[in-house]
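*Asks:* After the structure tokens below, expect a handful of questions from me.
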Amino acid sequence: MTTFYDVPADLLNPVLAGKLSEIDAISRPQWADYVKTGVHRERPPTQENWWELRCAALLRKVGREGPIGVNALAQAYGGRKDNGSNPNTPAMGSRHIIRTALQQLSDAGLISMKETKTVQSVDGDQKLYSEEFLLHPGKNCSTRSHTPYALWLKNHTPVWRNIDGSEGKCQL
């Protein structure tokens, strides 16, 4: 069976974004039309479905590398900041966008947060969460939604590159 490890991101994410747009818990916030995706960007995204694409990319990244935290995801979605005549420096992506998207994915039941420790405060015990991971990998949206795309790949791609680098026919 083909998993989301086997399908390239540029083929999986648009299909997964289409499936995520059908879920009520995942919707673009009002502020998302005006916000940049990081300090290294000059303008906001211009694609109509950029929020769903970012949620799909986050879901795939959490599934592949999880458990993973918000800071690691912000570094992955960062880029090179232009400092004028000074050398360019690495910049992190927007953690607010990542946090909001992960909260929506969690509300949809696609990912869950890993509790790391409990802190006592005047309000009582507070649970701290640091990393996100997929719930039931193999039974959620990311592994079901790529099946039509995998069939499309089988019909339109004569040679499939295996994980070990060898080439062979796509076995579905």
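Read the figures in this text as sums done on the coordinates, not as results from a lab. Here the structure is a predicted model, which is why all the values come from computation and not from measurement. Please note: Cβ atoms are built from the backbone with ideal geometry, for glycine as well, and neighbour counts cover all protein chains shown.
*Asks:* Work out, step by step, the length gained on full extension between Val35 and Lys81: first 0.36 nm times the residue separation, then minus their alpha carbon distance; give nm to one decimal. It would help to have the intermediate numbers written out before the result.
*Replies:* Values: separation 46, 0.36 × 46 = 16.56 nm, distance 1.67 nm.
Full extension from Val35 to Lys81 adds 14.9 nm.
*Asks:* Arrange the peptides 9-21, 29-41 so that the one whose residues have, on average, the most other Cβ atoms within 10 Å appears first.
*Replies:* Descending packing order for the listed peptides: 9-21, 29-41.
*Asks:* Using a Förster distance of 25 angstrom, determine the FRET efficiency expected from the C-beta separation of Leu11 and Thr46, and round it to 0.05.
*Replies:* The pair Leu11/Thr46 has a calculated efficiency of 0.70.
*Asks:* If you take the Cα atoms of region 9-135, find Rg, then find the Kirkwood Rh from the mean of 1/r over all pairs, what is Rg/Rh?
*Replies:* Computed over Cα atoms, the ratio is 1.02.
*Asks:* Another question about this same structure. Take Asp125 and Asn88, extend 7 Å from each Cα along the Cα→Cβ direction, and tell me the distance between the two endpoints in nm.
*Replies:* With each label point 7 Å from Cα toward Cβ, the separation is 4.8 nm.
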